[in-house]
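Working notes for the structure below.
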Amino acid sequence: MAKFILLYRGPATPQADITPEEGEQLLQAWNAWMGNVGDALLDGGAPFAGRTAVAGDGSTTSASDLNGYTIVQAPDLAAAKTLCGGNPFLDDATADFVVEIYELAPM
């Protein structure tokens, strides 16, 4: 089985702006999705917090709007994509949020 990293991209609500009740609902949604992914889930991941980016010349620039990651295993890219079904990051049913899927190549 191959490993895939799911990168969450979009204008996420800052954690400081999420009420405890909203936080509990989000946690329940994530736990339900991870439960559905089952044994394919290798690393539940984490949201990203502080961010910056460094260019080759040493200058600092703005980081992208990546918000977190999850690592799963699947036979191929198509199967990894199906694991995104029910992912809470995609709940808004718009194109504002996306899950980028990359196969992790062996070293």
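Quick notes on this structure:
- Estimated from helices alone, the mean residue ellipticity of the chain at 222 nm is -7000 deg cm²/dmol (sum of -39500 (n - 2.57) over DSSP H runs with n ≥ 4, per residue).
- Averaged over residues, the count of other Cβ atoms within 10 Å places the peptides 19-26, 6-13 in the sequence 6-13, 19-26, highest first.
- Extension gain for SER59-GLN25 works out to 8.3 nm (0.36 nm per residue, less the C-alpha to C-alpha distance).
- Efficiency of FRET between LEU42 and THR94 - r from beta-carbon atoms, R0 30 angstrom, step 0.05: 0.60
- Accessible area of LYS3 in the full protein assembly, 1.4 Å probe (Å², nearest 10): 110 Å²
- Most mobile of ALA95, ALA74, ALA29 in a GNM of the chain (Cα contacts under 10 Å): ALA95
The values are calculated or read from the model by the stated rules, or taken from the named source; none is laboratory data. From a predicted model like this one, the values you see are computed outputs, not experimental measurements. Neighbour counts run over all protein chains shown; Cβ positions are idealised from the backbone, glycine included. We work out accessible area using only protein heavy atoms, side chains counted, and drop any ligands, DNA or RNA first. Shrake-Rupley method; radii C 1.70, N 1.55, O 1.52, S 1.80 Å.
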